[in-house]
Amino acid sequence: MLLIAVFIASAVLTLLMRQVALRHALLDMPNERSSHTVATPRGGGLAIMVTFFAAISYLFFTEQLSSTLFGALFAALPLVAVSLLDDIRPQSARFRFIVQFLCALLALTALGGVSSVNLGFIELHGFWLNILALLLLLWFTNLFNFLDGIDGYAASETIFVALGAYLLFGTTPILLLAAATAGFLLFNWHKASIFMGDVGSAPIGFVIAVFALNDSANEHFLGWIVLVSLFLFDATITLLRRLRNKERIWTAHKKHMYQRLHQWGLSHSEVVLLLMRYNAVILLLLWLVNAHYYGIVFLLAGLLFAIILNIIDRKKAFT
């Protein structure tokens, strides 16, 4: 019942956010680097955040969620606030990064730090793991923001990761994120009547990273990384290729894999459905193997991604 309530509440709030955005001209205007052609309301991700955190609070106060995870998840609230401000009026990259960094520190503090990471085939220990955990929080926050560029893509990935984590690891609270995102996706599927905006994409990446780090001592931690590998590979490889080309990496571009698929001629929906097939393959592989072999699945996921990327490079060059 809670999942249904979250889904309905998110859908209703998304509609309300659309009306507010239209009334106050909070529109995403198309430009030469956009994948859309008409001005579209943004900020719909606020509906996801409001319903998700309300539901998480209910679980906490009914003693169905640990105080550790609750505190770490709520460390995202300043990020939600600043991302909303950025949707209303663009904020400086420095200010946004400072807030992201502070939120990551708060989350790590709430989790009690990361003293060990279980990769299945090896277990790592040491204070230095906190530095990697901090980087993971920051990168997940930004890669979801980077990859939110066509209708339904970031929302579909969020739902996939949440459902995959539940099916593979039994992470029940993350289903609330799936339900909240599904309510929003009703209006974000192509052609989208509202965009998620930074207020949705950045905190979603942060929240998923918190769930993953909460499982860092469990042998299925690497499974979380594999579940997010579609976004992780695309964002990371694109960044490295732009660095190699000596591009200004802080400027907007249209070189991510999903963007070049769209430029190749596929519609928003076709791109999303195609890349969700990659997700389906890695989910099946994770389902079939023991957690000790998640490292092999990660390598296979990388190989599959490389094959897809090579095909796209031949169809639409990285220029």
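Worth pointing out:
- The fewest-to-most ranking of MET29, MET196, MET1, MET49 by surrounding Cβ atoms within 10 Å reads MET1, MET29, MET49, MET196.
- Helices that extend 18 Å or more along their long axis by alpha-carbon positions and average at least -1.0 on the Kyte-Doolittle scale are, among the DSSP H runs of the chain, 2-23, 45-61, 93-111, 129-146, 153-169, 198-214, 229-244, 268-288, 294-315.
- Spatially close lysines, pair count over the chain: Cα under 19 Å, gap of eight or more or interchain: 6
- Cα-centre dipole for the stretch 2-315 with unit charges at Cβ (Lys and Arg positive, Asp and Glu negative), debye to 20: 1040
- Average Cα contact separation per residue, the chain, under 8 Å, 6 or more apart, as relative contact order %: 24
- Added length on full extension, which subtracts the Cα-Cα distance from 0.36 nm per residue, TRP189 to LEU132: 17.1 nm
- For the chain, the Kirkwood radius over C-alpha pairs fed into Stokes-Einstein at 4 °C and 1.567 mPa s yields D = 65 µm² per second.
- Annotation note: chymotrypsin sites (Phe, Trp or Tyr not before Pro) in the stretch 102-168 located in DSSP loop regions with a Cβ neighbour count of at most 14 within 10 Å are PHE121, PHE127, TRP128.
- The H on the amide N of LEU119, modeled in the peptide plane, is under 5 Å from the matching H of LEU124, each at least 5 residues off or on a different chain.
- Exposed loop sites here are GluC sites (Glu not before Pro) assigned a DSSP state other than H, G, I, E or B and surrounded by at most 14 other beta carbons within 10 Å; excluding them, the longest clear run of the chain is 64-246.
- R0 of 25 Å, Cβ-Cβ distance LEU288-ALA217: FRET efficiency to nearest 0.05: 0.55
- Springs between Cα atoms under 10 Å define the GNM used for the chain, and in it the highest mean-square fluctuation of ASN245, ASN142, ASN218 occurs at ASN245.
- Intensity falloff of the stretch 2-99 expressed as log10 I(q)/I(0), Debye formula with alpha-carbon point scatterers, at q = 0.13, 0.20, 0.23 Å⁻¹: -0.59, -1.08, -1.20
- Neighbour counts of C-beta atoms inside 10 Å place LEU124, LEU143, LEU65 in the sequence LEU124, LEU65, LEU143, starting with the fewest.
- HIS24/TYR166 FRET efficiency (R0 41 Å; Cβ-Cβ; nearest 0.05): 0.65
- Considering only GLY44, GLY197, GLY113, the Gaussian network model of the chain with Cα springs below 10 Å gives its largest mean-square fluctuation to GLY113.
- The chain - mean residue ellipticity at 222 nm from DSSP helices (-39,500 (n - 2.57) per run, n ≥ 4, rounded to 500): -22000 deg cm²/dmol
We did not get these values from a lab; they are worked out from the coordinates using the rules stated. Since we're looking at a predicted model, the values are computed, not measured. Don't worry about glycine lacking a Cβ; one is built from the backbone with ideal geometry, like all the others, and counts go over all protein chains shown.
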